[in-house]
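Coordinate-derived values only; no laboratory data. Keep in mind that this is a model prediction, so the values were computed, not measured. Heads up, the Cβs are rebuilt from the backbone with ideal geometry, glycines too, and the neighbour counts pull from every protein chain shown.
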Amino acid sequence: MTPDEAVHRMEPPAQSGQPEKQYLRFSRLNRILHVVMIVSFMSLALTGMTLKFSYTAWAAILSRLLGGYETAGYIHRMAAVLMVTIFILHINDLARRKRREYGSWKALLTGPDTMLPTKRDLKEFVGSLRWFLGMGPRPRYGRWTYWEKFDYFAVFWGICVIGSTGLMLWFPEFFTLLLPGWTINVATIIHSDEALLAVGFIFTVHFFNTHLRPEKFPMDIVVFSGRMPVGEFREDKPAEYEALVNAGTLDEHLVDPYPPIVIRTIRAFAWTALALGFSIVVWIIYAMLFAYR
Amino acid sequence: MRLTSSIARGWLLLASVGLSGGLRGAAAQENPDCLACHGDRSLSMKRGGKTVPLFVDEKKFGASIHASLSCVGCHADLQGKELPHGSPLAKVDCGSCHTQQQKEHAESLHGRAIARGDELAPRCPDCHGDHDILPVKNPRSAVAPQRIPWVCGKCHQEGTPVQRQRVIHEDHILTNYSESIHGEALLKKGLTVAATCVSCHTAHTILRHTDPRSSINRKNIAATCTKCHSQIEAVHRKIIRGELWEKQANSLPACVDCHQPHKARRVFYDQGMADADCMKCHGDPGVRASKGGRTLFVNLEEIRGSRHVRTACSQCHSEVNASRVRPCETITKKVDCTSCHADIGALYQKSTHGMLVAKSDPNAPVCNECHGTHGVLGKRDPASPTFPTNIPDLCARCHREGRKAAVRYTGTEHDIIERYQESIHGKGLLKSGLTVTATCTDCHTAHSVLPISSPESSVNPKNVPATCGRCHHGIEEMFNASVHVTQAGKTDKRLPVCNDCHSAHTIRRADTEGFKLTIMAQCGKCHEEISKTYFDTYHGKVSQLGYTKTAKCYDCHGAHDIRAIGDPKSHLSRENVVATCQKCHPGATRRFAGYLTHATHHDPQKYPFLFYTFWGMTGLLIGTFVVGGLHTILWLPRAIQMRRRFRRKNGTSRPGGEA
């Protein structure tokens, strides 16, 4: 299926000239942050991996393409600053929403839409395994599934671990005022292996969850458009759908779909990121299997 | 029988001596007493199977210079003995009177040969005779000048045991001498003042020419010749500047360089052998050899511009004979440059080139192949093939890939000419025109060219630092104090010399990117493990990507002055390490210097922190992927099922399509 066909299928059947409303899953800020995060993450991965796999021929080529190791270093550090900025903006957004929508951190963190793992997530996880093995129906997932929560907190963990060790590598002269010199070596290992984990996980498992899952194939653009057809929403997150219907607030979450040109732009961007991500995975596998020393 | 009869007569004699000489004591022995027996022509004895005459000619003895001496004066061991005496007698010791001559002879080649027990060595009587010794001035003396050549020639001519069995470097000595100007004067013209053997070699102090005391030592030859040829320098002023005779006698050619010993002839220069005579024929451009037809034309202009402008044709083409209509018809040998350039010739003969020539190898280069012939120029003349900028092309004639020397070469250096031209030395010489830049001969020498395996070769690993140090002296000093030299003998590993890092013919500037990057591989050739661990660190990884700004081996360890870490002068000693880091990291502290620049996470003993961090992280990585991967794989069949269900339901794969 070509993207164009997909676009056409995305189009809801014309009903009295009015396009059908779609469910708005992600806020504008979250969508922008995700796009910026992709840019930042890709830059970090590309520039960082050239160093990690410097023994492969194509690390040298890529390093040249990126403008040499110094330029690559600048890109890496600027992208890292961007990543931390995204992180801060997100926390800031949470604080804002706490004020406006929840009133307290407790309400935000314990409400039905919480990102924190709950007992229900454990149930859904067990239910999912049963479903996978043909021992039960598909769990009725809510707003955030347990794997989405895992991805979300993986970013928290990654930013802390990679960010802190990255700072040490950025300012070794400062950090060795306090720490012994070998901690820089330890930081190098942690930084590089944790980055490998992040890159590997996002470009395989996370990509599968959002793009390669057959029912979403070739890609789910909800994170960029923020919108998903109501039918898809009902199938995918039945618990959330029903909660909204029961509360009678579903209409508050329905918005007009984007015009095709916007969808096409989003798809072009998403395809680029996807291709880049897979290239990096192929490269890593090549480096680990065939060129490892 | 004869002996018995003589003894009987001896007894009679003894009786008469006892009677007549009673006053002088019973032991007195007068010459007549001896001659009573030895005056008998038939007196002889057997010694070692040979009959030895014991006859003493009273007449000859009476005419000899020793006539006034008594027999027992020389045969001292008979003094006071009863006559007739037993045998054998002790050898007569001439030195008891001729002390000085005896001493000289004892120190000479001949004397030392006697001391060694050499049977062929001459003793006094072998030259001087015994009972019939005449004064030297007497023309009939055995050692009168005109007889000297034959005295010496007894041993020193072709076919004698001495000439065959002892190391005598000159050949046909007597023949050559008799044909030389000295020999001719003495033997044909009877000039007794002409030089004989002993005039040059001395009579008793005969020493090897290598002995500095020898009269024929290079240093002494001029003095020896000028004993007769006083003021000879006046004759040579045309060739040799006069003051040099006094000031720098060493740098002058010795007489024998031009006037070969034993062959000295005056025809060398003045007897009609002027260059003009040669040019009568060789000035004609059409003159050709009768055999082979090669041109024999000599371009006088060429010679006039050459280094040998003052050298006469016959000095090099030395076998000419002025008495012939065609003086050059006696020439049998090629020009021998070593008759003047003896030192260089000696070096050349030991070189690969010279040794190949000795084996008559057709590919071996002789003097003129590099230096030219009549137009030979000095190495300072830009037109000379041996001028620095021309040397690569000169050597390339044989050593360029595919040429005659290159095809026999079995070593590892290839395309040497092209590579040299691209090297820093080649560019300096050929592009920048720096004539002080190293050319082929600066490293390989001009005349002592030897393969790298020869211990005497200038490019043998043992000698390479000294060879490079001739120009790069400061580097050599540093290098000689470095661990790569001071460890010699303490390790069985081969230590590197200049070319192991810099290569031989591809030497690049040390500040070029390419060199900086390859140097790590060069260190890694020996320091395998440590270079691997270097490439595990940030410094190494950036270097591996092809950038030179991060620290490379020599940035920390030094290049030529690498010392053991424990050496206080090492760049990495406790005293210096922080300063070394500060070269790139201005804020570096002692703690900073604790960074492990050769860290590996594969060694739990040495680097437990790194080892466990690495495996901790790897465990986390594998764990996450196993869980994530399993979750995804298990999910896959259900997801495909879902897709099919949507398709069946509404002809689209997506759940949203149904709406």
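Under the definition of partner shielding as Cβ atoms of other protein chains within 10 Å of a residue Cβ, what is the mean value for peptide A:188-201?
Numbers: counts 10, 13, 5, 1, 3, 9, 3, 0, 3, 8, 2, 0, 4, 5.
Neighbouring Cβ atoms belonging to other protein chains average 5 per residue here.
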Report, in degrees rounded to the nearest 10, the 0 to 90 angle that the Cα long axis of helix A:68-97 makes with the longest principal axis of chain A. 40
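Quick one: net charge around A:A247, please, counting Lys, Arg +1 and Asp, Glu -1 for every other residue with C-beta under 14 Å from its C-beta.
The answer is -4.
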Which of B:K350/B:K462; B:K525/B:K583; A:K21/A:K216; B:K462/B:K490; B:K552/B:K606 exceed 25 Å between C-alpha atoms? The answer is B:K525/B:K583
Only four residue types carry charge here, +1 at the Cβ of Lys and Arg and -1 at the Cβ of Asp and Glu. Report the dipole size of segment B:339-460 about the Cα centre in Debye, rounded to the nearest 20. 120
Here the FRET efficiency for A:R264 versus B:T486, based on Cβ atoms and R0 = 51 Å and rounded to 0.05, is 0.10
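Taking the Cβ of A:G181 as the center, what net charge do the other residues with Cβ under 11 Å away carry, scoring Lys and Arg +1 and Asp and Glu -1?
Value of the local net charge: +1.
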Given the Cα-Cα distance of B:C584 and B:S339 and 0.36 nm per residue of separation, how much length would full extension add, in nm? 81.9 nm
If R₀ is 51 angstrom, what is the calculated FRET efficiency for the pair B:I331 and B:C471, using the beta carbon separation as r and rounding to 0.05? 0.70
Degrees, to the nearest 10: A:238-247 long Cα axis against longest axis of chain A: 50
Measure nothing fancy, just the Cα-based angle from helix A:119-132's long axis to the longest principal axis of chain A, in degrees from 0 to 90, nearest 10. 90
Which order do B:L429, B:L187 fall in if you start with the one that has the fewest other Cβ atoms within 10 Å? B:L187, B:L429
Taking 7 Å along the Cα-to-C-beta vector as the label spot, tell me the B:T210-B:Y612 distance in nanometres, rounded to one decimal. 7.4
Please identify the trypsin sites (Lys or Arg not before Pro) of segment B:160-198 that satisfy two criteria: DSSP loop assignment and at most 12 other Cβ atoms within 10 Å. Which are they? B:K189
Only helical DSSP H runs with n ≥ 4 go in: add -39500 (n - 2.57) per run for chain A, normalise by residue count and round the 222 nm mean residue ellipticity to 500 deg cm²/dmol. -21500 deg cm²/dmol
Trypsin sites (Lys or Arg not before Pro) in segment B:380-421 lying in a DSSP loop, each with at most 12 other Cβ atoms within 10 Å of its Cβ, come to B:R380
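With +1 on the Cβ of every Lys and Arg and -1 on the Cβ of every Asp and Glu, and nothing else charged, how large is the dipole of the protein assembly as shown about its Cα centre, in debye rounded to the nearest 20?
In debye, rounded to 20, the protein assembly as shown gives about 1260.
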Which residues among segment A:131-157 fall inside the zone where the amide N is under 14 Å from a point 7 Å beyond the Cα of A:I91, along Cα→Cβ? A:156-157
Zone of B:A289's modelled label, taken as backbone nitrogen in segment B:335-370 under 18 Å from a point 7 Å along Cα→Cβ: B:335-337, B:360-370
For a quick check of your reading of the filter: which chymotrypsin sites (Phe, Trp or Tyr not before Pro) in segment A:222-293 sit in a DSSP loop and have no more than 16 other Cβ atoms within 10 Å? A:Y292
Dipole axis of the protein assembly as shown (+1 Lys, Arg; -1 Asp, Glu on Cβ), positive-most option in B:G411, B:S384, B:L434: B:G411
Residue exposure sequence - B:S314, B:S42 - by fewest surrounding Cβ within 10 Å: B:S42, B:S314
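Can you bin segment B:415-547 into rounded, prolate or oblate? Criterion: square roots of the alpha carbon gyration tensor eigenvalues sorted a ≥ b ≥ c, rounded for a/c under 1.5, prolate for a/b above b/c, oblate for the rest.
Working: a/c = 2.19, a/b = 1.29, b/c = 1.70.
Because a/c hits 1.5 or more and a/b fails to exceed b/c, segment B:415-547 counts as oblate.
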With each run of n ≥ 4 DSSP H residues scored as -39500 (n - 2.57), what mean residue ellipticity at 222 nm is computed for chain B after dividing by its residue count and rounding to the nearest 500 deg cm²/dmol? -11000 deg cm²/dmol
Net charge (Lys, Arg +1; Asp, Glu -1) of residues whose beta-carbon lies under 11 Å from that of B:R509, B:R509 excluded, is +1
By Cβ neighbour count within 10 Å, fewest first, B:H38, A:H90 rank A:H90, B:H38
Quick check on packing: order A:258-268, A:244-254 by the mean number of other C-beta atoms within 10 Å, highest mean leading. A:258-268, A:244-254
Of A:M37, A:M49, A:M78, the most mobile residue in a GNM of chain A (C-alpha springs, cutoff 10 Å) is A:M78
So how far apart, in nm, are the two label points at B:D57 and B:H602 if each is 7 Å from Cα heading toward Cβ? 10.1
